[in-house]
Amino acid sequence: MKSNYKTALIVGAGDGLSASVARTFARDGGMRIALAARNPGKLAALAKELDAGALACDAAEPAQVKEMFARADEFFGAPADVVVYNPSFRVRGSIVDIDPAEVAKALSITAYGGFLVAQQAARRMVARGSGAILFTGASASVKGYPLSASFAMGKFALRGLAQSIARELAPKGVHVAHFIIDGGIRSAARAVPADAPDSLLDPDAIAQNYLNVLKQDRSAWTWELELRPWVEKF
């Protein structure tokens, strides 16, 4: 079953989860894809594979976000039906030692960028009465871990943004959903341990859940979904 959405803009694209989301949306969702990253050069192979657009954007810069959406509108011929926000940044360290400038950067990328992207998406979607905005969260969205204040602050803020605008935009036909990825994600750089074969999330399985949410009937929308390996403690 395909969703009713035809186009998707994925912000913060790379070769990890966002690549799986792009492939799943294109293959199983029948969507045309646009990818955005600060360094669009790294998107060349994936963009070619999916015949997708590749856009340059620092999501924490309002002017760049505005320009990215204008270019995406041009690429699709209309505003994107779905917008996915993936960027995040963290700096680890004790609260007594952590660099305030790095914390400000983490908040700017993880949360403020999400606001900027959601604002541009919402303006377009509310005007036509349909669309979906998806946010990628983490364990830190609901649990603040030691030595990880900046990540917890950013992800808590992103979750608050998602919950707030889900309540605001759902009655206007816009589906907002936040995904808590509660565990590590398998990747080329992060192999599954031989003694714990199910301990990491499969990025393709995560992506399928993103698509499943897009297929929901509006009489039964969810605003948040938690995903974790069956062996993960929570």
Any residue in the stretch 54-69 that is more than 21 Å from Gln216 (Cα to Cα), among the acidic types (Asp, Glu) and more than 18 Å from the chain's Cα centre (by Cα)? yes
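Give me a count of the residues in the stretch 190-234 that are in a loop (DSSP other than H, G, I, E, B) and either among the polar types (S, T, N, Q) or in contact (Cβ under 8 Å) with a residue 24 or more places away in the chain (or both). Break it down stepwise before answering.
Going residue by residue through the stretch 190-234, those that are in a loop (DSSP other than H, G, I, E, B) are 191-200, 202, 215-217, 221-223, 228-234.
Narrowing the set further to residues that are either among the polar types (S, T, N, Q) or in contact (Cβ under 8 Å) with a residue 24 or more places away in the chain (or both) leaves 196, 198-200, 215-216, 221-223, 228-232, 234.
Total satisfying the criteria: 15.
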Residues that are touching a Phe, Trp or Tyr at 6+ places or on another chain (Cβ under 7 Å) and under 20 Å from Ala188 (Cα atoms): does the stretch 10-23 have at least one? yes
Yes/no for Lys6 being touching a strand residue (DSSP E or B) at 6+ places or on another chain (Cβ under 8 Å), within 22 Å of Gln119 (Cα to Cα) and surrounded by fewer than 17 Cβ atoms within 10 Å (Cβ to Cβ): yes
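Could you list, in sequence order, all residues of the stretch 58-77 that are in a loop (DSSP other than H, G, I, E, B) and either on the phi < 0 side of the Ramachandran plot or in contact with a Phe, Trp or Tyr (Cβ under 6 Å, 6 or more places away or on another chain) (or both)? Steps first, answer last, please.
Here is the first cut: in the stretch 58-77, the ones in a loop (DSSP other than H, G, I, E, B) are 58-61, 77.
Within the stretch 58-77, Asp58, Ala59, Ala60, Glu61 qualify.
Scanning the stretch 19-54 for residues that are touching a Pro at 6+ places or on another chain (Cβ under 9 Å) and touching a residue at least 24 places away in the same chain (Cβ under 8 Å), which turns out nearest to Ala118 (Cα to Cα)? Lay out the reasoning, then the answer.
We begin by selecting, within the stretch 19-54, every residue touching a Pro at 6+ places or on another chain (Cβ under 9 Å); these are 19-21, 37-38, 47, 54.
Then drop every residue that is not touching a residue at least 24 places away in the same chain (Cβ under 8 Å), which leaves 19-21, 37.
Details: Ala19: 20, Ser20: 21, Val21: 18, Ala37: 16 Å.
That would be Ala37.
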Test each condition in (1) buried (at least 21 other Cβ atoms within 10 Å of the Cβ); (2) aliphatic (A, V, I, L, M); (3) in contact with a Lys or Arg (Cβ under 9 Å, 6 or more places away or on another chain); (4) closer than 30 Å to Val96 by Cβ for Ala207 and report the one that comes out false. (4)
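Taken together, the values in this text are just the output of simple stated rules run on the coordinates, not laboratory data. Bear in mind that the values here come from a model prediction, so they are computed numbers and not experimental data. Cβ coordinates were reconstructed from backbone atoms using ideal geometry, including for glycine residues, and neighbour counts include every protein chain displayed.
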